[in-house]
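Working notes, beginning with the structure itself.
The values are calculated or read from the model by the stated rules, or taken from the named source; none is laboratory data. None of the values given here were measured: they were computed from a predicted structure. Counting neighbours? That spans all protein chains shown, and the Cβs are built from the backbone with ideal geometry, glycine included.
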Amino acid sequence: MDKAINKKSYEFNKISARSNIIINLIFILICILFIAPLILVLMVSFSSKQSLDAYGYQFWPAGFDITAYTYIFRYSSDLTNAYGNSILVTGVGSIASTAIIALYAYPLSRNNFAHRNGFAFFAFFTTIFGGGLVPWVFVYSQFLKINNSLLILIMPYLVNAWWIIIMRTFMKQSVPEELVEAARIDGAGEFRTFFSVALPLCKAGLATIFLFCLVKFWNDYYLSLVFITNRHLYTIQYYLYSMLDGINYLLTNSNVPADARRNLPSEAARMALAVIAVGPVIFTYPFFRRFFVKGLIIGAVKG
Amino acid sequence: MAVKQSVSNIGIGVKSTRKIKVREKSKGARKRNMAFYLMLLPGVLILLINNYFPMIGVLIPFKDYSYKVDQGFFGSLFSSPFVGFKNFEFLFTSADCFSATVNTIVYNVVFIALDLIVPIAFAICMSEMWSQKRSNTYQTLMFLPYFISWVAVSYVAYAFFCNAGFIDKQVLPLFGIKSVDFYSRPEFWPANIIFFHLWHYTGYNIIIYIAALSGISTEYYEAAALDGATKWQQVRYVTLPMLKTTAVILTLLAVGRIFNGDFDLFYNVPKNVSQLYSTTSILDTFVYNQLINLGDVGMSAAAGLYQAVVGCVIVFICNFVVKRVDSDSALF
């Protein structure tokens, strides 16, 4: 009964059919505008060399061709290496980062931890003031001396104050104080309580942080840009970055036979690399979207 | 509130009476605090190394820093001779730093305005749509660019603006214009950068505002409609006032970061081409280029410190303002 009334009143307050169609049309146009740039890159990667030379980049290339991809896969052992580095860094980094953030956020979410505000500020202060780029680079390259190692691609992103705050908010909401006290009375230590009571209750929060970490580590090029000079340590994004000003490396690589170098569809090959680098994110995005949305909303409520 | 009440009823963990507090301290509190400190330890270590050690480096711009291998970073830092404010004199007399500062602030002001107007307009339209399913599809598509890596975005921009690019070969001929070399013409880039900013962040901002919209009870709209309010009036007098808190907080957060540019956007989209610096150089890219490409440690460190200090002051001012307006949403 109640529902029926609600539904009726909702219907009478709807926008008109005409406005609905206009709004939908506008959004279809906007979505096309948002997706078109990605489609262009995809299409160029499938264009033939002749078509690119004659007509430039097109949404519907005059000639289709997959040689760009076959060239890349045949001659680029670097690509697999870079992909491997990215997977390693992303996997280890995301797991470590989620663990450290959860461990840091849990005491902050507990009302009976006296110094919770102090430690919260210790993390939060880093978002207000920082030493700047130069000392940050020097601490890693001259004090710890871990530049040109895979560790440097992980360590600087392990802790993020915003994610700690999001995780703390999430824990406060989803772990009832009574349950924690009950575990304590039953004789569980703090670590036991954390692992067996708190963590299972905030799976959704952990998943959100983990997914944000995955995207951050996978998409990162900045740490490589600043710290990495060794080709064997390139990640896929930095490999892509190094190709932006010409695919020369592929061309000068001695593994590639001379005639293959001459015919290399370099423009298409570069776009194909871009497709390969963002592919995993785009394919997994539809499955993970709701977690991101959830995390964003938690973060926005008390950012 | 309810949680607090029940906890105090069983007399644990709350400073309700002196007796309980004393008993607690003597028994489990120390052990529990040890456990908490252990949990905090990895995070504290990383924060120390990544964020607090570099703060000691604010001395670098006041020194003639040179790295000596046998002394390490801190040894070299403390043994380098003081040069006073010389680096800052160079910095503040350089035209590049001035234009980077202006660019940073002007772009951020434009971004703040657009990030306020565009996502709110889109979110309101989406929530009025008849079909929730369609609205979700649009949201999904518009959120997608947020996950594209910035290096890939530079390829996207390149596909449009390079010499064989889509605009040069497909669009300009339609208007009878001959080829334009975008990567040497700075006047085109403000528009490009604003487009890619909106492209990347609008989906993200829409979701935040949709969440805020879904918190508004439909009863307000029904009451307004019964009183004869049109849709426009409902938006004007119900939706916008209800969104005010979210909008104010997000805007003030952005204002607090007005001195921090979006390095990823400004470095990748114009490919860090030096002919474009007049419209694409911001403080963050300026600091980076001084250090990595020019190797000028003193200048780069001075610019970094200048940015950090002014940025910090602005955050404190913003927080002070927020406290006055709405003390619950203050950051600290």
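Within region A:231-258, the residues that satisfy the criterion of being away from chain B (no Cβ under 13 Å) and modelled with pLDDT under 85 are A:Arg231, A:Asn248, A:Tyr249, A:Leu250, A:Leu251, A:Thr252, A:Asn253, A:Ser254, A:Asn255, A:Val256, A:Pro257, A:Ala258. Is region B:309-316 home to any residue that is of a type outside the set (Ser, Thr, Tyr), surrounded by 18 or more Cβ atoms within 10 Å (Cβ to Cβ) and closer than 30 Å to B:Phe90 by Cβ? Within region B:309-316, one or more residues are of a type outside the set (Ser, Thr, Tyr), surrounded by 18 or more Cβ atoms within 10 Å (Cβ to Cβ) and closer than 30 Å to B:Phe90 by Cβ.
Looking only at region A:177-224, count every residue that is free of Cβ contacts under 8 Å to residues at least 12 places away in the same chain and at negative phi and tell me the total. Steps first, please.
Of the residues in region A:177-224, the ones free of Cβ contacts under 8 Å to residues at least 12 places away in the same chain are A:178, A:181-182, A:184-192, A:195, A:200, A:203, A:222.
Still in the list and also at negative phi: A:178, A:181-182, A:184-186, A:188-192, A:195, A:200, A:203, A:222.
Matching residues across region A:177-224 total 15.
Only helices (runs of 4 or more DSSP H) whose full extent lies in region B:79-190 are considered here, and the ones with at least 3 residues that are within 29 Å of A:Leu42 (Cβ to Cβ) are B:95-128, B:132-143, B:150-161.
From the list B:Phe143, B:Phe122, exactly one residue is under 30 Å from A:Ser224 (Cα atoms) and not aliphatic (A, V, I, L, M). Which is it?
Values: B:Phe122 fails: under 30 Å from A:Ser224 (Cα atoms).
Of B:Phe143, B:Phe122, the one residue that is under 30 Å from A:Ser224 (Cα atoms) and not aliphatic (A, V, I, L, M) is B:Phe143.
Select, from B:Val102, B:Val83, B:Val109, the only residue that is farther than 23 Å from A:Lys145 by Cα and in contact with a Lys or Arg (Cβ under 7 Å, 6 or more places away or on another chain). Don't jump to the end; show me each part of the working.
Details: B:Val102 fails: in contact with a Lys or Arg (Cβ under 7 Å, 6 or more places away or on another chain); B:Val109 fails: in contact with a Lys or Arg (Cβ under 7 Å, 6 or more places away or on another chain).
Going through B:Val102, B:Val83, B:Val109 in turn, the sole match is B:Val83.
Listed here are the residues, each with its yes/no results for (1) without any contact (Cβ under 8 Å) to a residue 60 or more places away in the chain; (2) more than 28 Å from B:Lys271 (Cβ to Cβ); (3) surrounded by fewer than 16 Cβ atoms within 10 Å (Cβ to Cβ); (4) in contact with a Phe, Trp or Tyr (Cβ under 7 Å, 6 or more places away or on another chain).
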position: B:Ile120; (1), (2), (3), (4): no, yes, no, yes
position: B:Gln132; (1), (2), (3), (4): yes, yes, yes, no
position: B:Phe143; (1), (2), (3), (4): no, no, no, yes
position: B:Ala157; (1), (2), (3), (4): no, no, no, yes
position: B:Lys169; (1), (2), (3), (4): yes, no, no, yes
position: B:Lys178; (1), (2), (3), (4): yes, no, yes, no
position: B:Phe182; (1), (2), (3), (4): yes, no, no, yes
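Taking region A:181-192 as the range and being more than 9 Å from every other protein chain (Cβ to nearest Cβ), of a type outside the set (Gly, Ala, Ser) and assigned to a helix (DSSP H, G or I) as the test, only A:Arg192 passes. Looking only at residues in region B:29-77 that are at pLDDT 90 or above and among the polar types (S, T, N, Q), the one that is nearest to A:Phe129 (Cα to Cα) is B:Asn51.
Scanning region B:191-206 for any residue that is assigned to a helix (DSSP H, G or I), within 26 Å of A:Val275 (Cβ to Cβ), within 7 Å of chain A (Cβ to nearest Cβ) and more than 25 Å from the chain's Cα centre (by Cα) turns up nothing. Among the candidates B:Asn108, B:Asn87, B:Asn51, B:Asn103, single out the residue that is more than 27 Å from the chain's Cα centre (by Cα) and surrounded by 17 or more Cβ atoms within 10 Å (Cβ to Cβ). Criteria check complete, one pass: B:Asn87. Counting only helices (runs of 4 or more DSSP H) wholly contained in region A:22-141, no element carries 3 or more residues that are under 21 Å from the mean Cα position of the chain (by Cα), within 7 Å of another protein chain (Cβ to nearest Cβ) and within 23 Å of B:Gln170 (Cβ to Cβ). Here is the figure for region A:147-180: residues that are within 29 Å of B:Arg257 (Cβ to Cβ), in a loop (DSSP other than H, G, I, E, B) and either touching a strand residue (DSSP E or B) at 6+ places or on another chain (Cβ under 9 Å) or more than 7 Å from chain B (Cβ to nearest Cβ) (or both) total 3. At positive phi and either out of contact with any strand residue (DSSP E or B) (no Cβ under 6 Å at 6 or more places or on another chain) or not assigned by TED's automatic domain parsing to the domain that holds B:Tyr107 (or both) - does that describe any residue in region B:295-303? Checking region B:295-303: at least one residue is at positive phi and either out of contact with any strand residue (DSSP E or B) (no Cβ under 6 Å at 6 or more places or on another chain) or not assigned by TED's automatic domain parsing to the domain that holds B:Tyr107 (or both). Within region B:285-307, not a single residue is over 29 Å from B:Gly57 (Cα atoms) and either in contact (Cβ under 8 Å) with a residue 60 or more places away in the chain or within 11 Å of chain A (Cβ to nearest Cβ) (or both).
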